[in-house]
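The values are calculated or read from the model by the stated rules, or taken from the named source; none is laboratory data. The structure displayed is predicted, hence computed values, not measured ones. Here the Cβ positions follow ideal geometry from the backbone for every residue, glycine too, while neighbour counts run over all protein chains shown.
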Amino acid sequence: MKKKQVTLMELALRLNLSPSTVSRALNGRHRISEETRKRVRELADQLEYQPNPAAKSLRENKTHVIGVLIPEIAHGFFSTTISGIEEAANAAGYNIMICQSRESSERERAVAEALLSSRVDGLLYCPSQQTQDFTFINTFVRKDIPVVFFDRYNNVFETSYAVVNDFEGARQAVEHMIQTGCRRIAHISGPFSLSNANGRILGYRAALEAHGIPVDERLIFSCPLTRGGARDAARQLLDLDPVPDGVFCFNDYMAYDVMLEARKRGIHIPSDISVFGFCDEPSDILTEPTLSSVIQPGFELGQEAIRLLLNLMALVEEDLPLTYEHVVLDTRIVTRESTRH
């Protein structure tokens, strides 16, 4: 005969406690005495109590699902970040729901509404390149659903965020090109409104200034984050006289555009022009020549983002004041055949 499953209510009746107190004790919540925790756990072990996930979700008004809103899942960096998010979320007892904005603010708002309708317990959010108005995030806040930014953030909305050190990664990349003989280095940036684009252009400028090289604004271009979006900028750069002897790009896809355009014109890489990317996509070792890039710790970034979100979710659940953390992870450069040595 199948053994009858012990319920939370049965534990509460036997211990003469409320079901909510028993639940908090089993889940290690604050404001429960150690003596009560011990009584609850001992009886739960004795009766071989097993929580009912469906009942637990209804009782706590939680789905144990975390929303993840990103620009594009096909991007190697975001795929790696999602792996870190999923591993850390699963270890904490949560599943994730992944949605893409495809770099569209309109689609982003629609997807955010869908995540709200799905009653996610928290949101990890990387804004699209088009997003200027972040007021829709306030809907999550009003519903006590914490939001954490990752990779890109906006200071208009106060919350925790996890990012990489875009400034230092860019500075090291440009300094490498300077140290290997480049003096006329261009920069192809993403939209200047993005926090990571801003950090990378500041790192680019800092490296030039540290070596006494004037910043030539004519060598700085801003491009949309689309495949082939840097092709026009690459053509304009390579039309210049003299042609730049180095190009630092916001991401690896922009660097690919520069390399393709240079090949069409018979410009040799790296003897005529060095090219440096950012992200270290898996395809970097398949290009001809292989691409130098800045390595971002995507997996670790995802894990840090989940940690920050779980911390906020715990504070909300305990009705405690929210405290925010800002995590900046180190990057490092990898030099390959697209830059001089």
- Condition broken by residue 271, with the remaining ones in (1) under 21 Å from residue 337 (Cα atoms); (2) surrounded by 21 or more Cβ atoms within 10 Å (Cβ to Cβ) satisfied: (2)
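Right, residue 160: buried (at least 22 other Cβ atoms within 10 Å of the Cβ) and either at pLDDT below 95 or within 21 Å of residue 260 (Cβ to Cβ) (or both) or not?
It is false that residue 160 is buried (at least 22 other Cβ atoms within 10 Å of the Cβ) and either at pLDDT below 95 or within 21 Å of residue 260 (Cβ to Cβ) (or both).
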- Is it the case that residue 293 is of a type in the set (Gly, Ala, Ser) and either on the phi > 0 side of the Ramachandran plot or more than 21 Å from the chain's Cα centre (by Cα) (or both)? no
- Query: In the stretch 296-333, what count of residues is obtained for those that are surrounded by fewer than 16 Cβ atoms within 10 Å (Cβ to Cβ) and under 24 Å from residue 271 (Cα atoms)?
  - Reply: 1
- Please enumerate the residues belonging to the stretch 6-23 that are part of a helix (DSSP H, G or I), in contact (Cβ under 8 Å) with a residue 24 or more places away in the chain and among the aliphatic types (A, V, I, L, M). 8, 11, 15
- Message: Condition check: surrounded by 18 or more Cβ atoms within 10 Å (Cβ to Cβ), touching a residue at least 40 places away in the same chain (Cβ under 8 Å), in contact with a Phe, Trp or Tyr (Cβ under 9 Å, 6 or more places away or on another chain) and part of a helix (DSSP H, G or I). Does residue 197 satisfy that?
- Response: yes
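Would you be able to tell me the number of residues in the stretch 57-74 that are touching a residue at least 24 places away in the same chain (Cβ under 8 Å), of a type outside the set (Ser, Thr, Tyr) and not in a strand (DSSP E or B)?
First, pick out the residues of the stretch 57-74 that are touching a residue at least 24 places away in the same chain (Cβ under 8 Å): 59-60, 62-73.
Subsequent filtering for residues that are of a type outside the set (Ser, Thr, Tyr) retains 59-60, 62, 64-73.
Keeping just the survivors that are not in a strand (DSSP E or B) gives 59-60, 62, 64, 71-73.
Going through the stretch 57-74 one residue at a time, the tally reaches 7.
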- Task: Output the number of residues of the stretch 144-156 satisfying the condition of being at pLDDT 90 or above and over 23 Å from residue 82 (Cα atoms).
- Result: 1
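Listed here are the residues, each with its yes/no results for (1) over 18 Å from residue 127 (Cα atoms); (2) touching a Lys or Arg at 6+ places or on another chain (Cβ under 9 Å); (3) modelled with pLDDT of 95 or more.
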{"position": "58", "(1), (2), (3)": "yes, no, no"}
{"position": "61", "(1), (2), (3)": "yes, yes, no"}
{"position": "69", "(1), (2), (3)": "no, no, yes"}
{"position": "74", "(1), (2), (3)": "no, no, no"}
{"position": "77", "(1), (2), (3)": "no, no, no"}
{"position": "85", "(1), (2), (3)": "no, no, yes"}
{"position": "91", "(1), (2), (3)": "yes, no, no"}
{"position": "96", "(1), (2), (3)": "no, no, yes"}
- Query: Pick from the stretch 128-144 the residues that are without any contact (Cβ under 8 Å) to a residue 40 or more places away in the chain and crowded, with 20+ Cβ neighbours inside 10 Å: which of them is farthest from the chain's Cα centre (by Cα)?
  - Reply: 140
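Suppose we keep only residues that are part of a helix (DSSP H, G or I) and among the aliphatic types (A, V, I, L, M) within the stretch 75-94. Which one would you say is farthest from residue 278 (Cα to Cα)? Spell out the reasoning first.
Residues of the stretch 75-94 part of a helix (DSSP H, G or I): 76-91.
Remaining after also requiring among the aliphatic types (A, V, I, L, M): 82, 85, 88-89, 91.
Values: 82: 18, 85: 21, 88: 25, 89: 27, 91: 30 Å.
Among them, the one singled out is 91.
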- Query: Does at least one position in the stretch 245-254 carry a residue that is modelled with pLDDT of 95 or more, surrounded by fewer than 17 Cβ atoms within 10 Å (Cβ to Cβ) and among the aliphatic types (A, V, I, L, M)?
  - Reply: no
- Query: Tally time: how many residues in the stretch 280-325 are more than 30 Å from residue 261 (Cα to Cα) and either assigned to a helix (DSSP H, G or I) or not assigned by TED's automatic domain parsing to the domain that holds residue 144 (or both)?
  - Reply: 19
- Of (1) under 18 Å from residue 162 (Cβ atoms); (2) of a type outside the set (Lys, Arg); (3) surrounded by 16 or more Cβ atoms within 10 Å (Cβ to Cβ); (4) touching a residue at least 60 places away in the same chain (Cβ under 8 Å), residue 87 fails just (3)
- Query: So which residues in the stretch 130-148 are closer than 22 Å to residue 326 by Cβ and assigned to a helix (DSSP H, G or I)?
  - Reply: 137, 138, 140, 141
